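Let me begin by presenting the structure, written as structure tokens, before commenting on it.
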Amino acid sequence: MSYIIHKSDNKTKLAEVPDGSIDQLTTDITLIGKNYSGFGQVLNENFVKLLENFASTEYPSHPVKGQIWYDSVNKKLKVYSGSSFVPVSSTTVSSTQPPSPNIGDLWYNDSEKQLFFWNGNAPVLLGPSYTDLQQLSGLKTISVLDKNNQTRVVSGLYNGGVLLGLFASERIELLNKNAIAGFSGEITVGFNASDLSGLQFNTTSTNAENLGGYPAANYVKTNTANALTGKLRVTTDAGIVVGVAGAANLTVNSGNVIVANGLQSKSLILAVKNAANIQENAIVVTPSSQSTTGIVAVDPEFTVNVGGDLSVNGNLIVKGDTTSINTTSITVKDKVIELATPSSGTPSDSIASGGGLILHGSTDHSIIWSNTDSLSLSSQAWNSTEHFNLSSGKEFKIGGVTVITGNSLGEAITSIPGVTSFGTQEVVNIGPSSIYLKLTGNTISTEQPNADLRLSPNGDGNVALIGNPRITGLAKPEHDLDAANREYVDDAVKSQPLFLSLDFTGSVTDTYIAGILELLVPVEEHNIDTIIRVLCNTISYSSGITISRTIKLFVITTVINSPRWMFVDGSTTIIP
């Protein structure tokens, strides 16, 4: 018998499913008929669809009114209204405008961080009035604490997150701990500018109490006399003209500053007051066929006359035949004094020849440079008439390298031809770049590691010792041509193998022979491990005389800490 499926009102028939069949066209879940084989899988899939709320990129193809669908593209839960799927929530979070909003729906633009509502035609901005990228812009109500710890309200004007200023309806002395970022000082009635550099109102004001923070009365007027307490600046090259006839002129011409007297045959005077508070002329420039200038001089005697001390901070160039300096001393702060600089042309050695310093005394004491020997001086050299006495610790150098110190020659001195004798030397070092050989007292030593000390006579000459001296300290020789000391020779002799022949009658033991050896060849005259080969002739009598010969080997060894001859081998038998 078929199943009759009704809707939630229990009245409206939705579908009829015959026995043993399923219905996948009426709804988005599979309706199962009675006795349908494999109904378990279909039932489980229905549960999964309900659990997922039919999550998909496309809406369900057979929806029923009230069916919930999760829109996986917009990540939003929607319900079927009977004609379309609409969001379950009235708020949509998205970087783009929702496709089919209803009146009153909210949309939060998560990219710009702004909230809108739909009025039926278009989204209307609820706030904030600026986007996230634009940052805080416009008025913001701010609560502050005054010095009495009371809460006051001001309005902050911002642009792009930067405070432009504060509006206040009363004066507020701020509490120190309640600082406002971008603002410092007290808040007065009206608009208070922030700490932003260059902040100004670019518009015309009909009147102002202050300009630049100073009262209007402090500014210069053009129709009356003014006393200036600050700097006066004229921004044109026309400059300043002073006097009824325009005598004094201060102008600029192509960057050049000109101070001029505009009247004919009149002087230009720079006057000062002296210590007695009396005004006197410091500089007077008088016009004539040849103008004269006097600096602190009443009647200029020369073209330029200085009546007091003269300090020149720039270059001083004196042109003429003679420069006379009548002073007791000259102080020069410059590091270099140049001589023989020609007025024209290029300096040369011939011009410089004969130049230098001459100190007049009972006789002249001079340092003169000579290019040739025409002055009876060494050519191409500085020539001095006096000694040079250096202070202690100072050195003579050539090319920056020390050649002579107060008590030694410098390392740069590698040759001293012409020297025939030296004083007493404590140490003499010999070597091209580092010390190879050192002579110290009566000791000759090599300084390079593992280097040989060589004696090399010229030609057929020999190394000859005078006065029959001994050579001591010789090490054990290792090569055929090495010299040997007496100890080594004695030791070598005492270690040489020995040969002996003994005759015996009857049977003789090896111990007996060893005793004979200690009498004939005392062990103290030879070294341990010295060997001796003994030819033993043993004579026996039977039917006749028989002599048997055996070579036996003995060696000196230590037995109970005492050197003794000991038998080693006797296998070599000589048959007569």
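Computed values, structure above
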{"item": "Index of the failed condition, Tyr488 passing every other in (1) among the aromatic types (Phe, Trp, Tyr); (2) out of contact with any Pro (no Cβ under 7 Å at 6 or more places or on another chain); (3) without any contact (Cβ under 8 Å) to a residue 24 or more places away in the chain", "result": "(2)"}
{"item": "Subset tally (residues that are surrounded by 13 or more Cβ atoms within 10 Å (Cβ to Cβ) and in a loop (DSSP other than H, G, I, E, B)) for segment 184-194", "result": "1"}
{"item": "Within segment 377-404, tally of residues that are over 25 Å from Ile358 (Cα atoms), assigned to a loop (DSSP other than H, G, I, E, B) and of a type in the set (Val, Ile, Thr)", "result": "0"}
{"item": "Residue within segment 515-535 that is more than 26 Å from Asn561 (Cα to Cα) and either of a type in the set (A, V, I, L, M, F, W, C) or surrounded by 10 or more Cβ atoms within 10 Å (Cβ to Cβ) (or both) present", "result": "yes"}
{"item": "Scan of segment 427-460 for residues that are more than 49 Å from the chain's Cα centre (by Cα) and of a type outside the set (Ser, Thr, Tyr), ordered by number", "result": "Gly441, Asn442, Ile444, Leu453, Arg454, Leu455, Pro457, Asn458, Gly459, Asp460"}
{"item": "Test for Ser329: is it under 29 Å from His387 (Cβ atoms) and part of a loop (DSSP other than H, G, I, E, B)", "result": "yes"}
{"item": "Those residues of segment 553-563 which are within 18 Å of Tyr512 (Cα to Cα) and either at pLDDT below 80 or outside the structural domain of Thr505 (by TED's automatic domain parsing) (or both), in sequence order", "result": "Val559"}
{"item": "Criterion: out of contact with any Phe, Trp or Tyr (no Cβ under 6 Å at 6 or more places or on another chain), exposed (fewer than 10 other Cβ atoms within 10 Å of the Cβ) and modelled with pLDDT of 75 or more - qualifying residue of Ile351, Ile358, Ile330, Ile368", "result": "Ile330"}
{"item": "Test for Ala451: is it closer than 30 Å to Thr414 by Cβ and either assigned by TED's automatic domain parsing to the domain that holds Gly570 or without any contact (Cβ under 8 Å) to a residue 60 or more places away in the chain (or both)", "result": "yes"}
{"item": "Val244 being surrounded by 10 or more Cβ atoms within 10 Å (Cβ to Cβ) and either of a type in the set (A, V, I, L, M) or part of a strand (DSSP E or B) (or both)", "result": "no"}
{"item": "Among the candidates Ile358, Ile368, residue that is farther than 22 Å from Ile398 by Cβ and not in a loop (DSSP other than H, G, I, E, B)", "result": "Ile358"}
{"item": "Yes/no for Thr131 being of a type in the set (Val, Ile, Thr), assigned to a loop (DSSP other than H, G, I, E, B) and surrounded by 11 or more Cβ atoms within 10 Å (Cβ to Cβ)", "result": "yes"}
{"item": "Residue in segment 63-72 that is crowded, with 17+ Cβ neighbours inside 10 Å and in contact with a Gly (Cβ under 8 Å, 6 or more places away or on another chain) present", "result": "no"}
{"item": "Filtered residues of segment 14-30 (kept if touching a helix residue (DSSP H, G or I) at 6+ places or on another chain (Cβ under 9 Å) and either loosely packed, with under 11 Cβ neighbours inside 10 Å or not in a loop (DSSP other than H, G, I, E, B) (or both))", "result": "Ile22"}
{"item": "Matching option when the condition is modelled with pLDDT of 85 or more and under 30 Å from Asn46 (Cβ atoms), among Ser111, Ser83", "result": "Ser83"}
{"item": "Identity of the residue in segment 263-279, within 16 Å of Val242 (Cα to Cα) and in a strand (DSSP E or B), that ends up modelled with the lowest pLDDT", "result": "Leu268"}
{"item": "Close pairs from segment 167-195: first in the same structural domain as Ser143 (by TED's automatic domain parsing) and under 15 Å from Lys140 (Cα atoms), partner acidic (Asp, Glu) and at pLDDT below 85, Cβ under 8 Å, at least 6 apart", "result": "none"}
{"item": "Counted residues, segment 195-219 - those being surrounded by 10 or more Cβ atoms within 10 Å (Cβ to Cβ) and assigned to a loop (DSSP other than H, G, I, E, B)", "result": "4"}
{"item": "Criterion: more than 30 Å from Gly399 (Cβ to Cβ), exposed (fewer than 10 other Cβ atoms within 10 Å of the Cβ) and free of Cβ contacts under 8 Å to residues at least 12 places away in the same chain - qualifying residue of Thr414, Thr446, Thr420, Thr424", "result": "Thr424"}
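One line per residue, one yes/no per condition, for (1) at pLDDT 85 or above; (2) closer than 20 Å to Ala492 by Cα; (3) not aromatic (Phe, Trp, Tyr):
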position	(1), (2), (3)
Ile528	yes, yes, yes
Ser548	no, no, yes
Ile551	yes, no, yes
Trp565	yes, yes, no
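The values are calculated or read from the model by the stated rules, or taken from the named source; none is laboratory data. This one's a predicted model, so the numbers in the text were calculated from it and none came from an experiment. Counting neighbours? That spans all protein chains shown, and the Cβs are built from the backbone with ideal geometry, glycine included.
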